[in-house]
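Reviewing the structure listed below.
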Amino acid sequence: MYNLTIFLLATIVCTQAAPTYELCASPKIYAFGGVREGEKCGSFSKQEPDYHYIFDGRNWTSVLAPLATSKCINTVFYKNKFYAIERNGNQVATYDGYKWVKGMYSYYSHSGGAVAVYNGDLMRVGGDDGSRDQDVEIFTYSWRTENSLPFKRMYNAACDYQGQLLSIGGRAFGSLVLDSVDVFDGLFWSISSTPLPHAIEHVSCREYRGLLYVVGIYNGTVSVFNYNGKEWNVVNANLYPSFQNTTTTHIITLPTEEKKDQMYVMLSASEPTGATQAMLLFVGGSSWTEIDNLPPAIKFQGGVSTCIPSSFQPPTNSHHNTRNNGGSTNPAMPSGQVCYHRDEATLVIAVTMSVVAFLLMIVATIAIIKCLRKSPRKGDFLQLDDKEDASLIIN
C-alpha cells in the first residue's frame with residue numbers, strides 16, 4: 001500500500017510538471033520520405049534510413065523516424081498531426097512527433113493525385129488507378145467519396161484559394177498535359193473559364209501575399225505562374241534550366257518574426273542531368289536566389305509541409321495570409337492548428353484520473369484502518385476481571 005501511494009504521488013507530480021511540448025514552437029518546413037534516382041517507392045533494400053528534415057529558415061536538422069508507408073508520399077498537416085498518403089497506393093499514416101503510425105486506408109489506390117485541406121476536411125483529389133481517376137476522396141473521421149472531377153487528371157495540384165478548391169493542371173491520358181483548372185465551391189465541381197498560361201504537370205501550389213502561386217513542369221521546363229482570382233500571369237517561364245528531368249516540385253511559404261513571410265520552390269529530378277535537387281528563395285518580382293545548405297531532404301516524390309504555431313504573430317508590415325494551401329506534394333495545415341507531442345486535453349485527463357485514483361486510494365486506506373481498529377484483538381474475549389472470574393468459578 002505504501003509503495004502504491006508513492007507511485008501514484010510520483011505519477012501526479014511528474015504529469016503536472018511535464019510541459020505541453022509544441023512540435024511547431026516556431027514555423028518550420030518538414031521534408032519527409034522520397035527516393036533517389038534508380039530507387040523504387042516500395043523497395044527498401046537500397047534506401048537510407050527514414051530520416052526527415054526540418055528547416056527553420058536558417059538551418060536544416062534531421063530526425064530518425066521510420067515511415068509506416070512507402071517512401072513516395074504526399075504529406076499534409078491536419079488535426080494536429082502530419083498525414084502521409086502514398087502517391088502510388090492507398091496506405092495512410094500519421095506522425096505526432098514521436099513516430100509514424102498506420103492509419104485508415106483510403107478507398108482507392110491512386111497514382112499521382114493531389115492532397116489538400118479544404119473546409120476542415122482532408123481531401124485527396126484526382127490520381128490514376130486505371131478507371132477511377134476522376135474520384136475525389138474526403139477524410140474527416142473516415143474516408144468517403146465525393147463528386148468526381150470534371151476532368152480526369154493526375155500529377156495535378158489542389159489548393160484552397162478564396163473559398164474554393166482548385167484542381168490545377170496535371171496529365172490526362174498518356175502524354176496529354178493539361179492547362180485546365182477545375183473548381184469546387186463546396187457542393188459542385190466545374191471547369192474554370194480561365195486556363196493556365198500553358199499546360200503543366202507535377203504541379204504544386206501555395207497562396208502567398210494574396211496571390212496563388214503555381215509551379216509545374218512542361219517538356220522538362222520549370223514554370224511558375226500566379227493567379228489573382230481573375231487571370232493567370234507568368235512569373236518565370238524557365239525557372240531552373242539545369243533541371244531538364246524534374247519530376248517533383250514543391251512551392252511553400254515560411255513566415256518568420258524577423259522578416260516578411262518567405263516563399264521557396266524546391267525541385268528534385270528522377271533522372272538528373274546535372275543537379276539532383278535545388279531550393280530557391282523568392283525575393284520578389286520574378287527574382288530567385290538559390291539556397292546552398294541543402295541536406296538530402298528534397299528527394300524524388302517526397303512530401304514537404306509547413307507547420308505554423310497558432311501563437312505565431314506575423315510581422316504587421318507584411319501582407320501575410322494565414323490561409324494554408326496544398327499542392328501535389330506539399331499541402332500544409334489549416335490555419336490556427338498547432339502540432340503537439342501531447343495536447344492539453346490529454347494532459348488534463350491524465351492529471352484528473354491520477355488525482356481521482358489517489359483520492360480513492362486514500363478513502364480505501366482510511367476505511368481499512370477503521371475496520372482494523374473496531375475488530376477485537378486475539379484473546380480479548382478471554383480477559384475477565386477478578387470478580388467475574390470468582391463468580392464464574394463459584395457458579
* Asked: From the phi of every residue in segment 51-66, what ³J(HN,Hα) in whole Hz does the Karplus formula 6.51 cos²θ - 1.76 cosθ + 1.60 yield, where θ is phi - 60° and glycine or proline is x?
  -> 8, 10, 10, 10, 10, 9, x, 10, 10, 9, 10, 10, 9, 7, 8, x
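Can you give me the Kirkwood hydrodynamic radius for segment 53-149, using every pair of distinct Cα atoms, in Å to one decimal? The partial results should precede the final answer.
On the way: mean 1/r = 0.0713 Å⁻¹.
Answer for segment 53-149: a Kirkwood hydrodynamic radius of 14.0 Å.
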* Ranking by accessible area, most exposed first, for Glu201, Glu137 with a 1.4 Å probe -> Glu201, Glu137
* Roughly how many Å² of Met353 are accessible to a 1.4 Å probe, to the nearest 10? -> 130
* Ignoring everything but the protein chains, give the 1.4 Å probe accessible area of Lys370 in square angstrom, nearest 10. => 130
* Could you rank Val363, Val76, Val63 by how accessible they are, 1.4 Å probe, largest area first? => Val363, Val63, Val76
* **Per-residue SASA entry for Trp60, accessible area with 1.4 Å probe, Å² rounded to 10** => 40
* Given labels modelled 7 Å from the Cα in the Cβ direction, how far is it in nm from Val356 to Ser175? -> 6.7
* Structure fact -> Order by accessible surface, 1.4 Å probe, largest leading, for residues Asp182, Asp96 comes to Asp96, Asp182
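Filter Lys71/Lys99; Lys28/Lys152; Lys79/Lys102; Lys28/Lys71; Lys28/Lys79 down to the pairs with a C-alpha to C-alpha distance above 23 Å, please. Don't skip to the end; give the middle numbers.
Details: Lys71/Lys99 15 Å; Lys28/Lys152 34 Å; Lys79/Lys102 16 Å; Lys28/Lys71 21 Å; Lys28/Lys79 17 Å.
Pairs exceeding 23 Å: Lys28/Lys152.
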* Environment charge of Ser223, counting only residues whose C-beta is closer than 13 Å and scoring Lys/Arg +1, Asp/Glu -1 -> -2
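The values are calculated or read from the model by the stated rules, or taken from the named source; none is laboratory data. Source: prediction; values computed, not measured. FYI the Cβ positions are ideal-geometry reconstructions off the backbone, even for glycines, and counts take in every protein chain you see. Heavy atoms of the whole protein, side chains included, go into the accessibility calculation; ligands, DNA and RNA do not. Shrake-Rupley method; radii C 1.70, N 1.55, O 1.52, S 1.80 Å.
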